[in-house]
Structure formats: C-alpha cells, structure tokens
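Visitor: Have a look at this one before I ask anything.
The values are calculated or read from the model by the stated rules, or taken from the named source; none is laboratory data. In this text the structure is predicted, and so the values were computed from the model without any measurement. Glycine also receives a Cβ, built like all others from the backbone with ideal geometry; neighbour counts cover every protein chain displayed.
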C-alpha cells in the first residue's frame, strides 16, 4: 500500500493496488462529512454527462474511522495537462464544463428567499472576517436584497486540482459537502482557480501558458453564463468561498495571497470605491 498526499481536510488516501484507492476520514468527528461526500460522488456517477465521470465507489468501510474504496483513475494533474494542452484539448475541457453546467442549470430550482438568506447569513456569521466594516457591508447586501439562489447538485470543491485530466475525458474527484447546494458554488470554486489563480499562486507555478489558458477558460464561462454570474447571489457566494479558505491556512504567505484576492472581489471593490478604502 502507498500513502498519497492528503488535502486540507486531513483525510488520508492510500493506493491499495493498481485498480483501487482507499480514502480514510481524518477522524471520528469528520465521519459524517465523509459519508456525505461518498453519497455525493455516488449520486454523480449516475448522471449521464458527455466526457465527465467520477471514480466508481466499490465499498464503504463502516468502522470507527470511516473509509471507502474507489476506482483508481490515472491521468494528468492540472499543471501537467495545461503545460502542454493543445487548443483542441482546451476546447474539449470547455465543452465538457458547458455540458456539466447546462445539466445543473436545467435541473435546478430556486431556494425559498428566506432559506437563501438564512444559509448565507449563517455562513457569514460563522467565519472570522477581519474587517468588520466589510462584514457589515456583506450582511447589508444579504438583508437588503431578495436573494434568488438556485438549488441544484454541486461538486462542492470544483477546482482544477480536483479534476483528473485526459485528452477526451474529465474525472471529478474529492467531492465536498457545501453550506448551500447550488451550481453557483461550483462556479465560485472555478473562479477561485481560473480568475484569482489561487492554486497556481500558493504552489508557486508561474507558467505563463497556464495563466493564459485559465483566463481564456474563465472568460468563456463568464460570457456563456453571464446571467448567472452577474448577480448579487453569485457575488456573495464568490466572497464567501474565499473567506472559507482562511481558517485552513497556516502559512502567512498564503494568508497574504488570500487577503489580496479578497480585495479583488467585486463586492470589496464596490465598498472600497464607495468609502475610499485604502487597499
């Protein structure tokens, strides 16, 4: 058995053999969240999507520390793939993402406005926002607007770090439960990578080709789905997505990068312009 790198959750992953991976909960307190992720990955595997799949789940091991066995899928990481991807390869990724979001949007419905406000306010109050004036502004945006948040399936952590890339196929991995189930969360996670370049920056990747490709992909998504992204609902979820990263960070350089990205969000810039903040 070979132990593989674990993510921010602390869950351990081991390669049992050439065909099987096992993912372990980070502890008993994380069992419930891992079970939710297992259910989400299993549900996704029943969707019929062109060029997108997820590793098959073979077995759930219901011990004191939950684990599950799943299909081992070989392929390329985001930096390996986009360092050499052709334009056709990039367009195939885009078409696959279009198919995914078109499916989610078509099969979505709206949360009741009171539920939308309650969930977003609850998450805002649960996060330690350093600038209290920014927190007050965000709360006012929730209270003063009739929020219409779409309810749908979502991956929950759809960064390119959680996709295994093939020239003709994408495999989604590391599904995550979310404070709100909406395709807007998946858009926000992609924006984290493709617009803010979070993973590239914290990993010190300075490959210009990848930056240019990411910008092209995000610009294409933003153009196609502008009616969903140019909304107060998405702007709030975009900020919340970045704020939620903070508690997991232990590296001061990464904290500094995150603060810089928060200052690039539309809502921060709106408030900065209105009150003459020094960024």
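Visitor: Going through region 23-48 one residue at a time, which ones are under 21 Å from residue 164 (Cα atoms) and surrounded by fewer than 16 Cβ atoms within 10 Å (Cβ to Cβ)?
Guide: 39, 43, 45, 46, 47, 48, listed by residue number.
Visitor: Is it the case that region 129-144 has a residue that's within 26 Å of residue 245 (Cα to Cα), touching a strand residue (DSSP E or B) at 6+ places or on another chain (Cβ under 7 Å) and surrounded by 14 or more Cβ atoms within 10 Å (Cβ to Cβ)?
Guide: no
Visitor: Can you find a residue in region 181-194 that is buried (at least 19 other Cβ atoms within 10 Å of the Cβ), under 22 Å from residue 132 (Cα atoms) and without any contact (Cβ under 8 Å) to a residue 40 or more places away in the chain?
Guide: no
Visitor: So for region 75-83 (the condition being under 28 Å from residue 201 (Cβ atoms) and loosely packed, with under 14 Cβ neighbours inside 10 Å), does at least one residue qualify?
Guide: Yes, because at least one residue in region 75-83 is under 28 Å from residue 201 (Cβ atoms) and loosely packed, with under 14 Cβ neighbours inside 10 Å.
Visitor: For region 100-127, enumerate the residues that are in contact with a strand residue (DSSP E or B) (Cβ under 7 Å, 6 or more places away or on another chain) and surrounded by 13 or more Cβ atoms within 10 Å (Cβ to Cβ).
Guide: Within region 100-127, 100, 108, 110, 111 meet the criteria.
Visitor: Continuing with this model, one more query. Right, residue 13: crowded, with 16+ Cβ neighbours inside 10 Å and in contact with a helix residue (DSSP H, G or I) (Cβ under 8 Å, 6 or more places away or on another chain) or not?
Guide: So residue 13 fails the test.
Visitor: Residue 99 fails exactly one of the following numbered conditions: (1) modelled with pLDDT of 95 or more; (2) assigned by TED's automatic domain parsing to the domain that holds residue 263; (3) not in a helix (DSSP H, G or I). What is the number of that condition?
Guide: (3)
Visitor: Could you tell me whether any residue of region 60-67 is in the same structural domain as residue 146 (by TED's automatic domain parsing) and under 23 Å from residue 174 (Cα atoms)?
Guide: Looking through region 60-67, none of the residues is in the same structural domain as residue 146 (by TED's automatic domain parsing) and under 23 Å from residue 174 (Cα atoms).
Visitor: Please go through region 177-202 and pick out each residue that is modelled with pLDDT of 95 or more, part of a loop (DSSP other than H, G, I, E, B) and at negative phi.
Guide: 180, 181, 182, 195, 196
One line per residue, one yes/no per condition, for (1) assigned to a loop (DSSP other than H, G, I, E, B); (2) in contact with a helix residue (DSSP H, G or I) (Cβ under 8 Å, 6 or more places away or on another chain); (3) over 30 Å from residue 223 (Cβ atoms):
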site	(1), (2), (3)
37	no, no, yes
55	yes, yes, yes
59	no, no, yes
79	no, yes, no
90	no, yes, no
105	no, yes, no
114	no, no, yes
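Visitor: Checking the conditions here, which among 160, 175, 153 is in contact with a helix residue (DSSP H, G or I) (Cβ under 9 Å, 6 or more places away or on another chain), under 21 Å from residue 220 (Cα atoms) and either touching a residue at least 60 places away in the same chain (Cβ under 8 Å) or not assigned by TED's automatic domain parsing to the domain that holds residue 232 (or both)?
Guide: None of the other options fit; the residue is 160.
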